[in-house]
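The numbers here are math on the coordinates, done by the rules we state, and not lab data. Being a predicted model, the structure only gives us computed values, none of them experimental. Neighbour counts are summed over all protein chains in view; Cβ atoms, including those assigned to glycine, are modelled from backbone coordinates with ideal geometry.
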Amino acid sequence: MFYHVLRRLSTGTVVISRCVGQTLRVPAISPAVVPVRSFTDPVQDTVQPPFDASLLEVLVCPLSKKPLRYEAETNELINDELGIAYPVVDGIPNMIPQDARLIQKTPETPTQE
């Protein structure tokens, strides 16, 4: 079986048989067509993709199940109740509690009347 698969891949065309009995020839995709980045390529400083704010409607803190707010300056999702900041990496929120950092909560000053 593997011999036939390898032979078809090496010929450059793949035959697709349909139930009707017609045969369709499709050129095979060569692996050389797909660009491959090696580990020796220099890392380019690229701008991270922006966080999609519409995700805030569905995302909640995994610990307290409370809604989060997005802080664009630090690129983090903040849980004000617990004082936890979840990082956003490449536009994807990292909601793992072990990867979150603690932030100082601003103490609420009671208003005197």
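Brief remarks on what is shown
- Amide H contacts under 5 Å for Cys61, placed H, 5+ residues apart: Lys66, Leu68
- Placing unit charges on each Cβ (+1 for Lys and Arg, -1 for Asp and Glu) gives segment 53-102 a dipole about its Cα centre, and among Leu82, Ala72, Ala100 the Cα reaching farthest toward its positive end belongs to Leu82.
- Given their separation in residues at 0.36 nm each and the Cα-Cα distance between them, Leu56 and Gln98 gain 13.1 nm when the chain is fully extended.
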